[in-house]
Amino acid sequence: MNVIGRNNVHVRGSGSRAMVFAHGFGCDQNMWRFVAPEFEGNFKVVLFDHVGAGGSDLSAYDPRKYSTLSGYADDVIEIGRELDLQDAVFVGHSVSAMIGVLASLKEPGLFGRLVLVGPSARYIDDGDYVGGFTEKQIAELLEFLEDNHMGWSAAMAPSIMGNADRPELGAELTNSFCRTDPEIAKAFARVTFTSDNRADLPNVSVPTLILQCKEDIIASTEVGEFVHRQISGSRMVVLDATGHCPNLSAPREVVSAMQAFV
Amino acid sequence: MNDQNPIATEDLEDLFENAPCGYVTLDAAGRISRVNATLCTWTGYSHGHFAGKRLHLFLNMAGRIYYETHIAPLLRMQGFFDEFALDLVTESGDRLAVIANASEKRTPDGALVSTRVAMIRATDRRRYERELVDAREVATTSLKSERENSELREQFIAVLGHDLRNPLASISAGARILQRSGFLQEEKELRVLDMLNSTVTRMSGLIDNVLDFARGRLGGGITLSRDANRPLEPVLEQVVDELRTVSSDRSIETNFAITEPVNCDRARIGQLVSNLIGNAMTHGAAYHPVQVGAKTEGGVFKLWVANAGEPIPAIAMERLFEPFFRGDVRSSRQGLGLGLHIASQIAQAHGGKIAVTSTSEETRFVFTMPTLP
């Protein structure tokens, strides 16, 4: 399967510049449904699912490759090459903020601007650095994921794979936006919450916008400010939105902050 | 109708407060605006303690992460969620396992009014589910290690079989040189030479079986090179002759009538009949000849090997063709238990099969295959 099918890539809108939206841990490209359409007038909007999520090709899930964020960043680069993108805007939510940072460092020229929504360079506390979580809490999360199968069952899997756009499956697809193979969900949680990209941040040279929510337990304001300090010249906007998903809870605020930046 | 609406007679306030499940209502900003008494009792918190707080504060940390990354987005996207397993943390710090459903209430123009969450206690269910998950993990792990072990074992067998071939070839060549040189004259010496040849033949048959078995297990399977044009009978005669030479104390009677061409791998059919005769000699009564027959009739090739002696016990019948299965025999006569297994594999590769009948009079193995499959 090619990159487009593998990552369930959708390209919409018109414009000479591209804007690539990357979803975080939890759901899929649907996370951008209230934000991405706003940019279709001026941008070539690129949406995709990370391998293992949404309508991606689950058979392409390689546990070794995806045991680091770098593996996910390689996919972003491949998508960029396939679509011949240059100087594009990368918009990454949650863990995809760091995936975008890595992709921009690995493939200079691919992204001209970064929008990091709720970024965190490291989730686990480390000495003076406050990530917000202890190792024990993350271990607990991995176990907890076993308890929530999100309606996933082996019998359903074949109809889920690659069929996210088929409305006739709608009735059966409760929770489908966030449906993930539990093993993959666990692996993605592990790579997300044990990642440490603090050393990469100072190398970022493209203009960067950080969108920070209030009362975000996944990526606190402190964590966002750390990213802001480490990426020189970056801009940080603290949204009125609360929680970790302003792209869903406060799309208008997100859109206007982004419009001012791009 | 004089009957009163039963719903109207129900005290709805009481139904909400003391329902057999926990209720939480969140306002448009996601803050708790109301909880019922049941949830207060379960958690040990007062109504007032919940007011204005975010729901995830009452979950354990893993649940908070999950709520923020999965549940909240899902609720926003599809307007409801069903069947989430959550752990509430009670006032005393204990965990309370619940299954939660929720739905959003929106105005006609789509603005969020509130979100209602219902929680059902699920302690036993969750414990049971966790045990299932743990059991699956144990099963998966042991299956994986078992597979690795068995692959290693089969690779070992393949290497062993292969490495045994060369020294055996040297022994065989040495015996041939001795025979040709005429150096050995005494009858006793010649008997030793016969014995040597017999052992080499027997061992080479065993090694062939071992290698075929290992190849089969490692995915190679039995490979055939069929040839319908060349006669099969001389091959069978040769196998019988060899076995007669190496087991001069045993008698083998043959009855061959192959009149139609048989599209088979002749060397493989030779190996099959050799294995069947070897089995008959090991298990059959020594005083009685082994009967070997082959014929073609109406497009079917049929080959049989029969011996007298004790019948095969019913319990052994079922496992006869399994690898490494050995019946009750004197240890000196034991082989690896691969002969019948390989014979049946060869039969299957030819689209045929081996049937067995065993009575106190006779034990008979019959191989049949289509002459032109």
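Derivation of every value follows stated rules applied to the coordinates shown; laboratory data play no part. Since the structure is predicted, the reported quantities are computational estimates derived from the model, not experimental observations. Positions of Cβ are generated from backbone atoms using ideal geometry, with glycine treated the same way; all protein chains shown enter the neighbour counts.
Results, tabulated for the structure shown:
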quantity: Extension gain (nm, one decimal) between residue B:282 and residue B:155, 0.36 nm per residue minus Cα-Cα; calculated: 42.9 nm
quantity: GNM flexibility winner over chain B from B:288, B:56, B:350 (Cα, springs under 10 Å); calculated: B:56
quantity: Dipole-positive endmost among B:272, B:346, B:372 within the stretch B:222-373 (Cβ charges, Cα centre); calculated: B:346
quantity: Using θ = phi - 60° and Karplus 6.51 cos²θ - 1.76 cosθ + 1.60, couplings along the stretch B:361-367 (whole Hz; Gly, Pro as x); calculated: 7, 7, 10, 10, 9, 10, 9
quantity: Contour excess over end-to-end distance, with Cα ends at residue A:125 and residue A:12 and 0.36 nm allotted per residue; calculated: 36.7 nm
quantity: 5 angstrom amide H check on residue B:301, placed H, neighbours 5+ away; calculated: B:369, B:371
quantity: Cβ crowding within 10 Å averaged over residues, with B:182-192, B:250-260, A:94-104 ranked highest first; calculated: A:94-104, B:250-260, B:182-192
quantity: Cα-centre dipole for the stretch B:13-128 with unit charges at Cβ (Lys and Arg positive, Asp and Glu negative), debye to 20; calculated: 260
quantity: Rounded if a/c under 1.5, otherwise prolate or oblate - the stretch B:214-268, Cα gyration tensor axes; calculated: oblate
quantity: Per-residue mean of C-beta atoms belonging to partner chains within 10 Å, peptide A:133-141; calculated: 3
quantity: Convex hull of the stretch B:251-373 built on C-alpha atoms - directionally averaged projected area, nm²; calculated: 7.4
quantity: Using a Förster distance of 25 Å, the FRET efficiency for residue B:190-residue B:249 (Cβ separation, nearest 0.05); calculated: 0.95
quantity: Positive-end residue, chain B charge dipole about Cα centroid, Cβ charges, pick of B:161, B:240, B:145; calculated: B:161
quantity: 5 angstrom amide H check on residue B:114, placed H, neighbours 5+ away; calculated: B:105
quantity: For peptides A:183-194, B:24-35, B:271-282, sequence by mean Cβ density within 10 Å, most packed first; calculated: B:271-282, A:183-194, B:24-35
quantity: With Cα atoms, 0 to 90° folded angle of helix B:123-181 axis to chain B main axis; calculated: 20
quantity: Using a Förster distance of 41 Å, the FRET efficiency for residue A:59-residue B:316 (Cβ separation, nearest 0.05); calculated: 0.35
quantity: Under 5 Å, built H, 5+ apart or other chain: amide partners of residue A:25; calculated: A:95, A:96
quantity: Kirkwood Rh, Cα atoms: Rg over Rh of the protein assembly as shown; calculated: 1.21
quantity: Shape box of the stretch B:6-121 [Cα atoms, principal axes, largest first, Å]; calculated: 43, 42, 25
quantity: Computed label-point distance, nm, for sites residue B:101 and residue B:116 using a 7 Å Cα→Cβ extension; calculated: 1.1
quantity: nm² value of the averaged projected area, convex hull over the Cα atoms of chain B; calculated: 37.4
quantity: Label point distance in nm, residue B:80-residue B:29, each placed 7 Å from Cα along Cα→Cβ; calculated: 2.8
quantity: Length added when fully stretched, residue A:68-residue A:262, from 0.36 nm per residue minus Cα-Cα; calculated: 66.9 nm
quantity: R0 of 35 Å, Cβ-Cβ distance residue B:92-residue B:144: FRET efficiency to nearest 0.05; calculated: 0.25
